[in-house]
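Undergrad: First the structure, then my questions, so here it is.
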Amino acid sequence: MLDLRPLRTTNLEFYGFKSKAERQPGDPESSTVLNLGEQSCFYGLNPLLFRGVFTNRWETIRHHHGRRHEYSISNTILNADVYISIPKLKAHHKVGATLNIKGLVGINANKNYLVHWRIGFPGCGGDEFPVAHRVADYFIHAARSAAADFLPEPLYLRLRQRLKGSRLDRALQLRKQSSHENFRGAWDGNDTCWRMAADLYKLFVRDASGVRERRGRPMKFFSVVDGVMGGEGNGPFTPTPKPARVLLAGDDLLRVDCVATRLMDYDLHQVRYLDHLLREEALDKDEIDVVSGDFDVTDYFRGGGRYLRFTAPTSWPRLALRGSGNEPEEAEEHAYYHTCCR
């Protein structure tokens, strides 16, 4: 059992601040930086707006500009012969649903290479917050971003501590705006995070860089989605427990994600990394072979029936499908086993 993270945050009050993260040994086999180049979903976008996991945006921007779109992948995983993914059946407030493909975040050694949102409001090219309710919010956000971008992190944190409880406290609270509370890309207008998930699929599963083929050992994949206790609503941090009592299995990560998303009663085309990859691979979701001994999976993707009725995250009003009539009776008393295959 290995913890491949070189850094971890032990106090969530300082989540996003690299100087407060605790160093760990990381991957004993180190990592490899791979460049997707023009195949990246970020190619052609303005990199000056990119925000990774840490407040230090410059590290993220250095790895995502022009024809450079790089990811740092753990060698222990990259050099493996088999990749078995065991995600939770769970909602995600930045991409809609987090399953196998969004779970590829875990193969990254340096999480700050992962672009999560673009700072600011849509009117300025950002997707961090929805449209501002006041003109003043644009100026407040610009001042906050400048402080976070240009002040040394220890000084920035000291100022936050000194101003805590004062009238200026809110000026340094990056997660809040007077128009919106705690969005930071957590809404259906996030046009960034899905690109990161799609990039990781192209890089690792599709093997766009050809690393494994050069080794002469193509990787095999398998997935078991754990929905015994799922998570609906505002995942991944504060989901509501969902006793779905379901397992899904299959040997294709994209197909399993499609089946799982429909089982949650979410619209696949609202989960934009799935919609993008389906179109890019010319995969007709109706041709996915779905087998179940517990649900009626006739016209699985086209039918108007309902299955597990997952609640969508806040600010995702179009994610949950509307309909009725296909859910199993007494779902809480059974364990359902679903197989998705080619």
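Undergrad: From the residues in region 267-280 that are within 16 Å of the chain's Cα centre (by Cα) and in contact (Cβ under 8 Å) with a residue 40 or more places away in the chain, which one is surrounded by the fewest Cβ atoms within 10 Å (Cβ to Cβ)?
TA: From region 267-280, those within 16 Å of the chain's Cα centre (by Cα) are 268-277; that's our starting set.
Among the residues that remain, those that are also in contact (Cβ under 8 Å) with a residue 40 or more places away in the chain are: 270-274, 276-277.
Values: Gln270: 20, Val271: 26, Arg272: 20, Tyr273: 24, Leu274: 29, His276: 18, Leu277: 23.
Selected residue: His276.
Undergrad: Inside region 71-105, can you point out the residues that are assigned to a helix (DSSP H, G or I) and in contact with an Asp or Glu (Cβ under 7 Å, 6 or more places away or on another chain)? Show your work before the answer.
TA: Of the residues in region 71-105, the ones assigned to a helix (DSSP H, G or I) are 75-78, 102-105.
The answer is Asn75, Thr76.
Undergrad: Right, something else. Among Ser72, Ser31, which is among the polar types (S, T, N, Q) and free of Cβ contacts under 8 Å to residues at least 60 places away in the same chain? Spell out the reasoning first.
TA: Working: Ser31 fails: free of Cβ contacts under 8 Å to residues at least 60 places away in the same chain.
It is Ser72.
Undergrad: Just to be sure I understand, how many residues within region 115-147 are exposed (fewer than 15 other Cβ atoms within 10 Å of the Cβ) and outside any helix (DSSP H, G or I)?
TA: 5
Undergrad: Regarding region 251-263, can at least one residue be identified that is at pLDDT 95 or above, farther than 27 Å from Arg206 by Cβ and of a type outside the set (S, T, N, Q)? Break it down stepwise before answering.
TA: The first filter runs over region 251-263 and keeps only residues at pLDDT 95 or above, leaving 251-263.
Pick out the ones that are also farther than 27 Å from Arg206 by Cβ and you get none.
Looking through region 251-263, none of the residues is at pLDDT 95 or above, farther than 27 Å from Arg206 by Cβ and of a type outside the set (S, T, N, Q).
Undergrad: A further question follows. Suppose we filter Ala143, Ala132, Ala148, Ala136 for residues that are at pLDDT below 90 and under 25 Å from Glu70 (Cα atoms); which single one remains? I'd like the intermediate steps shown before the answer.
TA: On the way: Ala143 fails: under 25 Å from Glu70 (Cα atoms); Ala132 fails: under 25 Å from Glu70 (Cα atoms); Ala136 fails: under 25 Å from Glu70 (Cα atoms).
Of the residues listed, the single one that is at pLDDT below 90 and under 25 Å from Glu70 (Cα atoms) is Ala148.
Undergrad: Scan region 45-73 residue by residue and report those that are within 29 Å of Glu213 (Cα to Cα) and under 18 Å from the mean Cα position of the chain (by Cα).
TA: Thr60, His64, His69, Glu70, Tyr71, Ser72, Ile73, listed by residue number.
Undergrad: Looking at region 1-26, I want the residues that are more than 18 Å from His116 (Cα to Cα) and have a partner that is of a type in the set (S, T, N, Q) and surrounded by 13 or more Cβ atoms within 10 Å (Cβ to Cβ) with Cβ atoms under 6 Å, at least 6 apart or on another chain. Which pairs are those?
TA: From residues that are more than 18 Å from His116 (Cα to Cα), the pairs are Leu4/Ser74; Ala21/Thr9.
Undergrad: For the subset of region 215-237 comprising residues that are aliphatic (A, V, I, L, M) and modelled with pLDDT of 95 or more, which member is farthest from Phe310 (Cα to Cα)? Quick ask: steps written out before the conclusion?
TA: Filtering region 215-237 down to residues aliphatic (A, V, I, L, M) leaves 219, 224-225, 228-229.
If we keep only those that are modelled with pLDDT of 95 or more as well, we get 224-225, 228-229.
Details: Val224: 19, Val225: 15, Val228: 13, Met229: 12 Å.
Among them, the one singled out is Val224.
Undergrad: Next question. Gly66 fails exactly one of the following numbered conditions: (1) surrounded by fewer than 15 Cβ atoms within 10 Å (Cβ to Cβ); (2) under 30 Å from Gly227 (Cα atoms); (3) of a type outside the set (D, E, K, R). What is the number of that condition?
TA: Single failed check for Gly66: (2).
Undergrad: Still on this structure: Test of understanding: among Arg306, Arg217, which residue is assigned to a loop (DSSP other than H, G, I, E, B), touching an Asp or Glu at 6+ places or on another chain (Cβ under 7 Å) and under 24 Å from Val82 (Cβ atoms)? Steps first, please.
TA: Values: Arg306 fails: under 24 Å from Val82 (Cβ atoms).
One residue alone meets the criteria, Arg217.
Undergrad: Just checking, does region 70-79 include any residue being surrounded by fewer than 20 Cβ atoms within 10 Å (Cβ to Cβ) and of a type in the set (Val, Ile, Thr)?
TA: Going through region 70-79, the residues surrounded by fewer than 20 Cβ atoms within 10 Å (Cβ to Cβ) turn out to be 70, 75-76, 79.
Imposing the further condition that a residue be of a type in the set (Val, Ile, Thr) reduces the set to 76.
Scanning region 70-79 turns up at least one residue that is surrounded by fewer than 20 Cβ atoms within 10 Å (Cβ to Cβ) and of a type in the set (Val, Ile, Thr).
Undergrad: Collect the residues in region 11-43 that are within 20 Å of the chain's Cα centre (by Cα), modelled with pLDDT of 95 or more and part of a helix (DSSP H, G or I), keeping them in residue-number order.
TA: Listed by number, the list holds a single entry, Gln39.
Undergrad: Within region 309-326, does at least one residue satisfy the condition of being part of a loop (DSSP other than H, G, I, E, B), aromatic (Phe, Trp, Tyr) and either modelled with pLDDT under 95 or over 14 Å from Gly96 (Cα atoms) (or both)?
TA: No, there is no match, as no residue in region 309-326 is part of a loop (DSSP other than H, G, I, E, B), aromatic (Phe, Trp, Tyr) and either modelled with pLDDT under 95 or over 14 Å from Gly96 (Cα atoms) (or both).
Undergrad: Continuing with this model, one more query. Return the total of residues in region 289-313 being on the phi < 0 side of the Ramachandran plot and exposed (fewer than 15 other Cβ atoms within 10 Å of the Cβ). I'd like the intermediate steps shown before the answer.
TA: First, the residues of region 289-313 that are on the phi < 0 side of the Ramachandran plot: 289-298, 300-308, 310-313.
Now narrow it down to the ones that are exposed (fewer than 15 other Cβ atoms within 10 Å of the Cβ): 289, 291, 293-294, 296, 298, 302, 304.
Qualifying residue count for the region: 8.
Undergrad: Just one of the numbered conditions (1) surrounded by fewer than 22 Cβ atoms within 10 Å (Cβ to Cβ); (2) part of a helix (DSSP H, G or I); (3) within 19 Å of the chain's Cα centre (by Cα) is not true of Asp286; which one?
TA: Failing condition for Asp286: (3).
The values are calculated or read from the model by the stated rules, or taken from the named source; none is laboratory data. Keep in mind that what you see is a predicted model, and the values were worked out from it rather than measured. Glycine also receives a Cβ, built like all others from the backbone with ideal geometry; neighbour counts cover every protein chain displayed.
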